[in-house]
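Comments concern the structure below.
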Amino acid sequence: MCYRGAKFQERVYVPPEITPKTKCALCGDEGYRFYWYDGYQFAEECECHMKAMNEAEVKRSGVSQDLTLDNFYTYHPFQQEMMNKAREYANSGYLSGQWFYIGGQVGCGKTHICTGIMHELIKKLPGCKYMMWKDESTALKAVINDHATYGKRMDELTKASVLYIDDLFKTQAGVKPTPADVSLAFQILNARYQDKKYITLFSCELSIRNIIEIDEAVGSRMYERCKGYNLFIGRDKAKNYRVKDLYEGS
């Protein structure tokens, strides 16, 4: 029997109540495990509770639940390079306040890689948010004269601990981003650039050099903060895994 005042060299966990409907045998679905140590009772978060919190954070972020680093396959050297940088960034690179950028070939796995990084960072940093550039920028421009709504939505983007901008400056082929798009990008990125606690991930069909040519103020901030984690996958339709069967053997 465990009681206050008893001395133990190791933790002694209190057995939970288990029923046929119990999902977690470690805590009896309480979310916490109770144990005795050195004559005192303590509680710790159960693995199932941490997993549930992580899953809830993934849903709140808006990011896909299916794309992780664990299921990103590295058949070719360019994929291995993507994976190596993603792992390095998710493990420690973000700690320096650097951002992560991957641009280039359509369908090469840019979104998968960035989403996988998000999954890893969600475990460490609450308040992550996914932004599909084309959809969100259109919605923001539509409410720009509604100061309350616009301000609230901008706060969600500028103050998210981790913001993943997917398909930045996505337009129809050959069409440049509008001045309104450039202005919006500057507002978001400049606010985040000012404070190193805000982490930003990007996927884009353009290189950062291309973005500097579109707008130097936006591109130079991105270039500075993405140093060390700036990838560009060269144009090659064989790297588009949505249509890879068309080019196999060619």
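The values are calculated or read from the model by the stated rules, or taken from the named source; none is laboratory data. Quick caveat: nothing in here was measured; it's all calculated off a predicted structure. Cβ: placed from backbone, ideal geometry, glycine included. Neighbour counts: every protein chain shown.
The table below gives the values:
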{"item": "Subset of the range 27-38 [in a loop (DSSP other than H, G, I, E, B) and surrounded by 14 or more Cβ atoms within 10 Å (Cβ to Cβ)]", "result": "27, 28, 29, 30, 31"}
{"item": "Evaluation of residue 229 against (1) in contact with a strand residue (DSSP E or B) (Cβ under 6 Å, 6 or more places away or on another chain); (2) surrounded by fewer than 20 Cβ atoms within 10 Å (Cβ to Cβ) (one fails), failing number", "result": "(2)"}
{"item": "Enumeration of residues in the range 214-250 that are at pLDDT below 70, assigned to a loop (DSSP other than H, G, I, E, B) and not polar (S, T, N, Q)", "result": "241, 242, 243, 247, 248, 249"}
{"item": "Matching residues, the range 98-117, being in a helix (DSSP H, G or I) and either among the hydroxyl-bearing types (Ser, Thr, Tyr) or farther than 25 Å from residue 220 by Cβ (or both)", "result": "111, 112, 115, 116"}
{"item": "The range 151-174, residues that are of a type in the set (Lys, Arg) and within 20 Å of the chain's Cα centre (by Cα)", "result": "153, 159, 170"}
{"item": "Pairs with Cβ under 9 Å, 6+ apart, first in the range 203-222 and free of Cβ contacts under 8 Å to residues at least 40 places away in the same chain and assigned by TED's automatic domain parsing to the domain that holds residue 110, second part of a helix (DSSP H, G or I) and acidic (Asp, Glu)", "result": "219/213"}
{"item": "Residues of the range 82-110 classified as surrounded by fewer than 19 Cβ atoms within 10 Å (Cβ to Cβ) and not aliphatic (A, V, I, L, M), total", "result": "8"}
{"item": "Per-region count, the range 175-226, residues under 23 Å from the mean Cα position of the chain (by Cα), of a type in the set (Asp, Glu) and surrounded by 15 or more Cβ atoms within 10 Å (Cβ to Cβ)", "result": "2"}
{"item": "Residue check, residue 156 assigned to a helix (DSSP H, G or I) and either touching a Leu at 6+ places or on another chain (Cβ under 8 Å) or not assigned by TED's automatic domain parsing to the domain that holds residue 88 (or both)", "result": "no"}
{"item": "Positions within the range 123-151 being free of Cβ contacts under 8 Å to residues at least 12 places away in the same chain and either surrounded by fewer than 12 Cβ atoms within 10 Å (Cβ to Cβ) or part of a helix (DSSP H, G or I) (or both), in sequence order", "result": "135, 138, 142, 145, 146, 147, 148, 149, 150, 151"}
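So that you can scan it fast, the table gives a plain yes or no per residue for (1) surrounded by 16 or more Cβ atoms within 10 Å (Cβ to Cβ); (2) assigned by TED's automatic domain parsing to the domain that holds residue 163; (3) modelled with pLDDT of 80 or more; (4) aliphatic (A, V, I, L, M):
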{"residue": "5", "(1), (2), (3), (4)": "no, no, no, no"}
{"residue": "16", "(1), (2), (3), (4)": "yes, no, yes, no"}
{"residue": "19", "(1), (2), (3), (4)": "no, no, yes, no"}
{"residue": "25", "(1), (2), (3), (4)": "no, no, yes, yes"}
{"residue": "40", "(1), (2), (3), (4)": "no, no, yes, no"}
